[in-house]
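Notes to accompany the following structure.
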């Protein structure tokens, strides 16, 4: 749940960390509640300005109870992607890719390719991008 009103800042979600075309940006409005499948979506925040941003983050185990709770709230399952300056986005993407490459060189492997045990169990039967991840907003 977003606790401060940061309408020009976005939660950035990607199904492929290296592909900006898979990106969705959700405005961080006060009171916004989001459920993100963090096993299948790369996520970060595009923060505008130096002010602190406050939100409540809760991790939940997937299952019928969580699904029932989400459905009881009648969430929107898609939202328009917010605008960002394309030049600044391209510059930031380049910096991020450079940081990922440096981190991979340091560790000797790409840490963004490390998944949880639960995801690894699913990986053989359901590829990472086989179905569109669901995003719930209300």
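The values are calculated or read from the model by the stated rules, or taken from the named source; none is laboratory data. All of these numbers come straight from a predicted model, not from anything done at the bench. Counting neighbours? That spans all protein chains shown, and the Cβs are built from the backbone with ideal geometry, glycine included.
I'm told residue 80 meets every condition in (1) within 16 Å of the chain's Cα centre (by Cα); (2) assigned to a helix (DSSP H, G or I); (3) modelled with pLDDT of 75 or more except one. Can you identify the failing condition by its number?
For residue 80, the exception is condition (2).
Has the range 122-133 got any residue that is in a helix (DSSP H, G or I), modelled with pLDDT under 60, over 18 Å from the mean Cα position of the chain (by Cα) and under 17 Å from residue 40 (Cβ atoms)? Quick ask: steps written out before the conclusion?
From the range 122-133, those in a helix (DSSP H, G or I) are 122-123; that's our starting set.
Retained after the next criterion (residues that are modelled with pLDDT under 60): 122-123.
Still in the running and over 18 Å from the mean Cα position of the chain (by Cα): 122-123.
Then keep just the ones that are under 17 Å from residue 40 (Cβ atoms); that gives 122-123.
Scanning the range 122-133 turns up at least one residue that is in a helix (DSSP H, G or I), modelled with pLDDT under 60, over 18 Å from the mean Cα position of the chain (by Cα) and under 17 Å from residue 40 (Cβ atoms).
Can you name the number of the only condition in (1) exposed (fewer than 11 other Cβ atoms within 10 Å of the Cβ); (2) at pLDDT below 85; (3) assigned to a helix (DSSP H, G or I) that residue 87 fails?
Result: residue 87 fails condition (2) only.
Could you identify the single residue in 56, 73, 94 that is closer than 21 Å to residue 22 by Cβ and out of contact with any helix residue (DSSP H, G or I) (no Cβ under 7 Å at 6 or more places or on another chain)?
94
Residue by residue through the range 52-77, note down the ones that are surrounded by 10 or more Cβ atoms within 10 Å (Cβ to Cβ) and either out of contact with any strand residue (DSSP E or B) (no Cβ under 6 Å at 6 or more places or on another chain) or assigned to a loop (DSSP other than H, G, I, E, B) (or both).
53, 54, 60, 62, 65, 66, 67, 69, 71, 73, 75, 77
Can you give me the number of residues within the range 1-39 that are touching a helix residue (DSSP H, G or I) at 6+ places or on another chain (Cβ under 8 Å) and either closer than 14 Å to residue 56 by Cβ or in a loop (DSSP other than H, G, I, E, B) (or both)? Reasoning before the result, please.
In the first step, residues of the range 1-39 are kept if they are touching a helix residue (DSSP H, G or I) at 6+ places or on another chain (Cβ under 8 Å); the result is 14-18, 20, 35, 39.
Applying the additional criterion that residues be either closer than 14 Å to residue 56 by Cβ or in a loop (DSSP other than H, G, I, E, B) (or both) yields 15-18, 35, 39.
So the answer is 6.
Name, by its number, the condition in (1) in contact (Cβ under 8 Å) with a residue 60 or more places away in the chain; (2) surrounded by 14 or more Cβ atoms within 10 Å (Cβ to Cβ) that does not hold for residue 23.
Among (1) in contact (Cβ under 8 Å) with a residue 60 or more places away in the chain; (2) surrounded by 14 or more Cβ atoms within 10 Å (Cβ to Cβ), the lone unmet condition for residue 23 is (1).
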